[in-house]
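Asks: Quick one: structure below, then a few questions.
Derivation of every value follows stated rules applied to the coordinates shown; laboratory data play no part. Worth saying up front: this structure is predicted, and the values here are computed from it rather than measured. Please note: Cβ atoms are built from the backbone with ideal geometry, for glycine as well, and neighbour counts cover all protein chains shown.
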Amino acid sequence: MERYSRQTILKEFGVAGQQRLAEARVLVVGAGGLGCPALLYLAGAGIGHLGIVDDDIISESNLHRQLLFCAADVGKRKVDVAKERLLAQNPTTQIETFTQRLDQVNALEMIKKYDYVLDGTDNIPTKYILNDACVLLGKTLLYGAASQYEGQVAVLNCYAHSSAAVNYRDIFPVMPAEEEVPSCADAGVIGVLPGIIGTLQASEIIKLIVGIGRPLVNRLLTYSLLNQEIFTVELTPHPDAKRDTPATAEQFSTYDYGNGCLVAVSELRASQLLAKMPNAVLIDVREKGELPEFLAIANEQIPLSLFDEYIGEWAERSVIFFCQSGVRSKKAAERYRQLFPKNKEVYSVNDSIYALLKQFSNDEK
């Protein structure tokens, strides 16, 4: 216990608090300006299991604020170097790394086994994806943002401390276009600022896990480096926040995070198919051997059981799925929207295969 003796001797903390940290699981999304200082202090404090999500490599422009990295690391994966440095600092911490960007396809799976999620992201769509995934899974989210000389911190979706817990959409109910909120690359940031904000995020996680102090639940802290001023505002649920919030995993997977709105898979009757055919790819998701095998229309055959293995993206074309009854085609269309959310023209034929046969037989006559 010598490693943690300076905090275990604190009256409110003790050995019991240290044990809670050792049992905690924290996912840090983004190993950048916010994530680097947060990871350093979470590992140093004795968090038992850390997850790190980042698909980026280290560039020279990162080095003035992302102090887990040095000049010799340029060109290496952030998660790989972060894991190496954190284990050198605290070999007892278990670290899991994810080299893909968090998105609608993988977010729920990544987050579900962690107790707390720290937002170290720097773009608007990912912040909404992260928030919505945490809401669906009931996970507490440590929000953080830093730009130029100002930063923000809040504890969101924390029902352990509030029955009316707010989330990111209560602060920003209308999703702005990405170009309306400049990134650090465009707006700039003084290097010490994300260090301060990321450290505040880490301190809030430690408070929540150990059960000390008053966390920033339903409160937004704003810090100004230029004036060395800190103020907090109370947050309450926004009446419009749920209007466009995905309420189910299915809605989440098909949500349009480019335009900030719910998008459902469109369904077609067999009689409507011809109007869509000129610029469409028609895909049969039945299994091999299902009857009738032959259709008098050109189509791709990708069984639903092999969907992820063989499906490709048809950019700027309508994609129409059909099956024996319309059930599997809807699942395929939803999965396609997950994998290729930019394609807005995705349809499922909700008629039987025999309705399709009849339709095209009549057309031939």
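Asks: With springs connecting C-alpha atoms under 10 Å apart, model the chain as a Gaussian network and identify which of 28, 166, 181 has the largest mean-square fluctuation.
Replies: 181
Asks: Tell me, what ³J(HN,Hα) does each residue in the stretch 80-92 have, in order and in whole Hz, if you take phi through Karplus 6.51 cos²θ - 1.76 cosθ + 1.60 with θ = phi - 60° and put x for Gly and Pro?
Replies: 3J(HN,Hα) across the stretch 80-92, in whole Hz: 5, 5, 4, 4, 4, 5, 5, 5, 5, 6, 9, x, 7.
Asks: Quick one: order 49, 161 by neighbouring beta-carbon count within 10 Å, fewest to most.
Replies: On the way: 49 17, 161 14.
Neighbour counts put them in this order, fewest first: 161, 49.
Asks: Under 1.5 on a/c is rounded, so check that first for the stretch 265-364, then, if it is not, pick prolate when a/b is larger than b/c and oblate when it is not; a ≥ b ≥ c are the square roots of the alpha carbon gyration tensor eigenvalues.
Replies: oblate
Asks: Would you mind checking which residues have amide H under 5 Å from residue 268's amide H? H placed 1.01 Å from N; only 5 or more apart, or other chain.
Replies: 348, 349, 350
Asks: Continuing with this model, one more query. Using θ = phi - 60° and the Karplus relation 6.51 cos²θ - 1.76 cosθ + 1.60, list the HN-Hα couplings for the stretch 346-356 in order, rounded to whole Hz, with x at every Gly or Pro.
Replies: Values per residue, Gly and Pro as x: 10, 9, 10, 7, 9, 9, 6, 4, 6, 5, 5 Hz.
Asks: Taking every alpha carbon pair in the chain, what does the distance histogram look like in 10 angstrom bins from 0, in percent?
Replies: So the P(r) values, bin by bin, are 5, 21, 27, 20, 13, 9, 4, 1, 0.
Asks: Compute the FRET efficiency between residue 290 and residue 96 as 1/(1 + (r/R0)^6), taking r as their Cβ-Cβ distance and R0 = 56 Å, and round to the nearest 0.05.
Replies: That pair, residue 290 with residue 96, gives E of 0.85.
Asks: Moving to a separate point now. Picking from 248, 126, 222, which is most flexible by a Gaussian network model of the chain using Cα springs under 10 Å?
Replies: Most flexible of the set in this elastic network: 248.
Asks: So, one more: Please list, or write none, the aspartates and glutamates whose alpha carbon is within less than 15 Å of the alpha carbon of residue 358, excluding same-chain residues fewer than 8 places away.
Replies: Hits, sequence-local ones excluded: 293.
Asks: Under 5 Å between amide H atoms, partner at least 5 residues away or on a different chain: which partners does residue 95 have, H built in plane at 1.01 Å?
Replies: Excluding prolines and chain starts, which carry no amide H, the hits are 50.
Asks: Treating cross-link reach as a plain straight distance, find the lysines whose alpha-carbon is under 25 Å from the alpha-carbon of residue 342, omitting any fewer than eight places away in the same chain.
Replies: 127, 242, 276, 330, 331
Asks: Which aspartates and glutamates have a Cα lying under 17 Å from the Cα of residue 11, excluding residues fewer than 8 positions away in the same chain?
Replies: Partners within reach: 2.
Asks: Could you tally the net charge around residue 304, taking each other residue with its Cβ under 12 Å from the Cβ of residue 304, Lys/Arg +1 and Asp/Glu -1?
Replies: Computed value for this residue: 0.
Asks: Determine ³J(HN,Hα), in whole Hz, for all residues of the stretch 133-140 in sequence, where each value follows from phi through the Karplus function 6.51 cos²θ - 1.76 cosθ + 1.60 and θ = phi - 60°; x replaces Gly and Pro.
Replies: Karplus-based 3J(HN,Hα) across the stretch 133-140 equals 5, 5, 4, 4, 8, x, 9, 6 Hz.
Asks: A further question follows. Only helical DSSP H runs with n ≥ 4 go in: add -39500 (n - 2.57) per run for the chain, normalise by residue count and round the 222 nm mean residue ellipticity to 500 deg cm²/dmol.
Replies: -9500 deg cm²/dmol
Asks: Next question, about the same structure. Relative contact order of the chain: what whole-number percent is it, with Cα pairs under 8 angstrom and at least 6 residues apart?
Replies: Working: 695 pairs, mean separation 49.9, N = 365.
In percent, rounded to a whole number, it is 14.
Asks: Once the other residues with Cβ under 14 Å from the Cβ of residue 93 are scored (Lys, Arg +1; Asp, Glu -1), what is the net sum?
Replies: Values: positive: 3, 25, 83, 85; negative: 23, 84, 96.
With Lys, Arg at +1 and Asp, Glu at -1, the net is +1.
Asks: Local charge sum around residue 225 (other residues, Cβ-Cβ under 15 Å, Lys/Arg +1, Asp/Glu -1)?
Replies: Residues close to residue 225 contribute a combined charge of -1.
Asks: How far is it, in nm, from the label point at residue 71 to the one at residue 259 when both lie 7 Å from their Cα along the line to the Cβ?
Replies: Inter-label distance under the simple model: 4.9 nm.
Asks: Choose one answer from 211, 48, 260: the residue with the largest mean-square fluctuation in a GNM of the chain with alpha-carbon springs under 10 Å.
Replies: The residue with the greatest mean-square fluctuation here is 211.
Asks: Collect residues whose amide H, placed 1.01 Å from N in the peptide plane, falls under 5 Å from the amide H of residue 25; neighbours closer than 5 in sequence don't count.
Replies: Excluding prolines and chain starts, which carry no amide H, the hits are 115, 116.
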